[in-house]
C-alpha cells in the first residue's frame, strides 16, 4: 500500500496530461485537460448510469489528494441551521419547478398555505410571490454553477 499519492505512469501531450495515480491502495486513471501549472483541479464526469460510482471514486481521490482521510469538515465550512434550512427550501423549489408547479403552489407548500387562496390582486402584491421569485433565481443560479461560490471557491 502506498503512503501518499504517487504517479505510476504519465503521458504529457499538448495541453493534456494522462496520469495513473496510486493513492490509498487504488489506481486512478485521470485525464487532465488543458492543464496549467498550479491551477485548481475540477472533476468532470458524464451523467450516466455509472455517475454515482464515478462520484464516489472522485471523492475518494479528492480525500487522498488532500490527505483528509476520515477528517470531518471544519465547523465553519458547515452551513448553520438557517443556511441549511434555506438550501433545503431551494432544493425543494427546484424539485417543484421540475414537476411544473406554479409559483403560487410553491409558495403555499414552502411558505404559507393560505397563499393558495389569495386573489389575483393579493397574490400580485404579496411578499410570498416576491420571495418565491427571489428563491427561484437563486436556486437556478446555484444549480447552474453558483454552488462554487457557495462552497467558497474563488
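The values are calculated or read from the model by the stated rules, or taken from the named source; none is laboratory data. Remember, it's a predicted structure, so these values are computed and weren't measured experimentally. Here the Cβ is made from the backbone with ideal geometry for all residues, glycine too, and neighbour counts use every protein chain on show.
Does residue 141 count as in the same structural domain as residue 89 (by TED's automatic domain parsing), surrounded by 12 or more Cβ atoms within 10 Å (Cβ to Cβ), in a helix (DSSP H, G or I) and modelled with pLDDT under 90? Can you show your working first?
Details: in the same structural domain as residue 89 (by TED's automatic domain parsing): yes; surrounded by 12 or more Cβ atoms within 10 Å (Cβ to Cβ): yes; in a helix (DSSP H, G or I): yes; modelled with pLDDT under 90: yes.
So residue 141 fits the description; yes.
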Fill in: Of all residues in region 24-44 being surrounded by 13 or more Cβ atoms within 10 Å (Cβ to Cβ) and assigned to a loop (DSSP other than H, G, I, E, B), the one that is modelled with the lowest pLDDT
35
Discussion item. Out of everything in region 1-23 that is at pLDDT below 70 and surrounded by 13 or more Cβ atoms within 10 Å (Cβ to Cβ), what residue ends up being farthest from residue 58 (Cα to Cα)?
Written reply: 2
